[in-house]
Amino acid sequence: MQLCNPQNSTAEPLSLPDRIEGMGRALTADELARLLTVAKVTIFKQAKAGRIPSFRIGSCVRFDPKMVAQWLRKM
């Protein structure tokens, strides 16, 4: 008897934009930096320059997963 295990399926793994888009909440700079394997300061600099889509809540910078995924797909 075979067990159904989706992790062992032959489907291709999700791309980074797909994985990010599937996240259910806004990301912090630290979380996005880890996903993109860059320094957190790089994320802040790129957001401030308008290169990475971001938004502010008070003094906090956050990143909408759907907007970040779209941005990555355009690169």
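Which of the residues spanning region 43-75 are among the aromatic types (Phe, Trp, Tyr) and closer than 17 Å to Arg19 by Cβ?
Scanning region 43-75 gives Phe63, Trp71.
Filter region 7-44 down to the residues that are among the charged types (D, E, K, R), open to solvent by less than 80 Å² (accessible area, probe 1.4 Å) and closer than 19 Å to Lys74 by Cα, then identify the one that is farthest from the chain's Cα centre (by Cα). Give the derivation first.
Initially, region 7-44 is screened for residues among the charged types (D, E, K, R), giving 12, 18-19, 21, 25, 30-31, 34, 40.
Now restrict to residues that are open to solvent by less than 80 Å² (accessible area, probe 1.4 Å): 18, 21, 30-31.
Those left that are additionally closer than 19 Å to Lys74 by Cα: 18, 21.
On the way: Asp18: 8, Glu21: 7 Å.
If we take residues in region 7-44 being among the charged types (D, E, K, R), open to solvent by less than 80 Å² (accessible area, probe 1.4 Å) and closer than 19 Å to Lys74 by Cα, then Asp18 is farthest from the chain's Cα centre (by Cα).
Residue by residue through region 47-75, note down the ones that are within 14 Å of the chain's Cα centre (by Cα) and polar (S, T, N, Q).
Correct list: Ser54, Gln70.
Go through region 45-60 and report how many residues are within 20 Å of Lys74 (Cα to Cα), open to solvent by 70 Å² or more (accessible area, probe 1.4 Å) and either in contact (Cβ under 8 Å) with a residue 40 or more places away in the chain or not in a strand (DSSP E or B) (or both).
So the answer is 3.
The values are calculated or read from the model by the stated rules, or taken from the named source; none is laboratory data. Since we're looking at a predicted model, the values are computed, not measured. Every residue, glycine as well, gets a Cβ built from its backbone with ideal geometry; the counts of neighbours run over all protein chains shown. All accessible areas refer to the heavy atoms of the entire protein, side chains included, with ligands and DNA or RNA removed. Shrake-Rupley method; radii C 1.70, N 1.55, O 1.52, S 1.80 Å.
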